[in-house]
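A.B. asks: The structure is given below, and queries will be raised subsequently.
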Amino acid sequence: MANVIPFSFRNELLSGNHNFASGGDTYKLALYTANPYTTASTAYSSGAANQVGTSGTGYSTGGNTLTSQSVTTSSAVAYVYFADSTWSSATFTAAFGVIYNSSDSDKLVVVLDFGESKTGTNGTFKVTMPDPSTPTDAIISMS
């Protein structure tokens with residue numbers, strides 16, 4: 001499976017529902033052991049199946065707030081950047097991540113497929129965001 005952009009995100013983006021600029025909306029990254037969302041999904045749900053467990057794992061339901069967000073344009077590509085997201089003292093496995101807009105009804109932005117299950121065992125679990133020096137590789141880009 002590959003990353004999934006929900007159909008609703010496209011409409012919401014063009015309708016002005018998402019503000020990715022610095023100081024704009026708040027976005028979060030939740031982690032999952034298997035993907036509970038499809039292109040027809042519209043919003044993050046704390047009750048969705050397969051979210052990483054919270055008991056003694058270093059993970060809290062809803063995930064981490066993403067930081068250092070910005071929108072940049074480079075030639076003909078506009079892209080969104082977020083800083084890497086880390087969980088300390090992590091003991092869990094995740095195969096998917098979900099970025100959602102917690103400022104606007106938890107609207108889904110993108111479902112990230114890590115390609116395989118990644119495990120942290122009493123250490124730091126880190127989701128590395130793409131290097132912003134290559135805009136077409138950004139987590140969200142338009143050209």
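The values are calculated or read from the model by the stated rules, or taken from the named source; none is laboratory data. Predicted model only: the values in this text are computed from it and were never measured. In this analysis, Cβ positions are derived from the backbone assuming ideal geometry, glycine residues included, and neighbour counts consider all displayed protein chains. In case anyone asks, the SASA skips ligands and DNA or RNA and just uses the protein heavy atoms, side chains included. Shrake-Rupley method; radii C 1.70, N 1.55, O 1.52, S 1.80 Å.
A.B. asks: Using the heavy atoms of the protein chains and a 1.4 angstrom probe, tell me the accessible area per residue for the chain in square angstrom. If you can, show how the numbers build up before the last one.
C.D. replies: Numbers: 6970 Å² over 143 residues.
Here the residues of the chain average 49 Å² of exposed surface.
A.B. asks: Let me ask you something else. With a cap of 10 neighbouring Cβ atoms within 10 Å, and only residues DSSP puts in a loop, list the chymotrypsin sites (Phe, Trp or Tyr not before Pro) found in region 66-112. All intermediate terms of the calculation are to be shown ahead of the outcome.
C.D. replies: Values: sites: TYR79, TYR81, PHE82, TRP87, PHE92, PHE96, TYR100; in loops: PHE82.
When the chymotrypsin sites (Phe, Trp or Tyr not before Pro) of region 66-112 are filtered for loop state and at most 10 Cβ neighbours within 10 Å, nothing remains.
A.B. asks: With an 8 Å Cα cut-off and a minimum separation of 6 or more residues, compute the relative contact order for the chain in percent. Could you put the intermediate results ahead of the total?
C.D. replies: Details: 325 pairs, mean separation 42.1, N = 143.
Relative contact order, the chain: 29 percent.
A.B. asks: Pull out the extension gain between THR93 and SER74, defined as 0.36 nm times the separation in residues minus the alpha carbon to alpha carbon distance; nm, one decimal.
C.D. replies: Details: separation 19, 0.36 × 19 = 6.84 nm, distance 3.55 nm.
Value of the extension gain: 3.3 nm.
A.B. asks: Taking only C-alpha pairs under 8 Å that are 6+ residues apart, what is the relative contact order of region 40-116 in percent?
C.D. replies: Relative contact order comes out at 30 percent.
A.B. asks: I've got another one for you. Starting at the first residue of region 21-26, write each ³J(HN,Hα) from the Karplus equation 6.51 cos²θ - 1.76 cosθ + 1.60 with θ = phi - 60°, in whole Hz, x for Gly and Pro.
C.D. replies: Per-residue couplings from phi come out as 5, 3, x, x, 5, 9 Hz.
A.B. asks: Could you compute how fast the chain diffuses translationally, taking Rh as the Kirkwood radius over C-alpha pairs and applying Stokes-Einstein at 4 °C with viscosity 1.567 mPa s? Give it in µm² per second.
C.D. replies: Answer, rounded: 84 µm²/s.
A.B. asks: Shifting gears a bit: Kindly write out, for region 102-115 in residue order, the coupling ³J(HN,Hα) from the Karplus curve 6.51 cos²θ - 1.76 cosθ + 1.60 (θ = phi - 60°), rounded to whole Hz, with x marking Gly and Pro.
C.D. replies: 6, 7, 9, 6, 6, 5, 5, 10, 7, 9, 9, 9, 6, x
A.B. asks: How large is ³J(HN,Hα), in whole Hz, for each residue of region 79-84 in order, when computed from phi with the Karplus curve 6.51 cos²θ - 1.76 cosθ + 1.60 and θ = phi - 60°, using x for Gly and Pro?
C.D. replies: So the Karplus estimates, Gly and Pro as x, are 8, 10, 10, 10, 6, 4 Hz.
A.B. asks: Continuing with this model, one more query. Cα centroid distance between region 5-43 and region 105-143, in Å?
C.D. replies: That distance is 13 Å.
A.B. asks: Pop a pseudo-label 7 angstrom from the Cα along the beta-carbon direction at both THR61 and THR33 and give the gap in nm to one decimal.
C.D. replies: Here the answer is 1.6 nm between the modelled labels.
A.B. asks: Straight-line reach from LYS126: which lysines have Cα under 22 Å away, leaving out those fewer than 8 places along the same chain?
C.D. replies: Excluding near neighbours in sequence, the set is LYS28, LYS118.
A.B. asks: What's the extension gain from PHE114 to SER133 if we count 0.36 nm per residue and subtract their Cα-Cα distance?
C.D. replies: Extending this stretch completely gives an extra 4.7 nm.
A.B. asks: Report, by chain and number, residues whose modeled amide H sits under 5 Å from the one on MET129, excluding near sequence neighbours (fewer than 5 apart, same chain).
C.D. replies: Result for MET129 returns ASP84, SER85.
A.B. asks: Over 10 Å intervals from 0, what percent of Cα-Cα pairs in region 12-54 sits in each interval?
C.D. replies: The percentages, shortest bin first, are 21, 44, 31, 4.
A.B. asks: Sticking with this structure for a sec: I'd like the FRET efficiency for SER45 and SER15, computed as 1/(1 + (r/R0)^6) with the beta carbon distance as r and R0 of 22 Å, rounded to 0.05. If you can, show how the numbers build up before the last one.
C.D. replies: On the way: r = 22 Å, r/R0 = 0.98.
Efficiency for this residue pair is about 0.55.
A.B. asks: How much length is gained on full extension from PHE7 to THR124, taking 0.36 nm per residue of separation minus their Cα-Cα distance? Mind dumping the intermediate values first?
C.D. replies: Values: separation 117, 0.36 × 117 = 42.12 nm, distance 3.30 nm.
Length difference between fully extended and current span is 38.8 nm.
A.B. asks: Here's a follow-up. How large is the helix-only mean residue ellipticity at 222 nm for the chain, computed as the sum of -39500 (n - 2.57) over DSSP H runs with n ≥ 4, divided by its residue count, in deg cm²/dmol to the nearest 500? Mind dumping the intermediate values first?
C.D. replies: On the way: 1 runs with 8 residues, N = 143.
After summing the helix terms and dividing by residue count, I get -1500 deg cm²/dmol.
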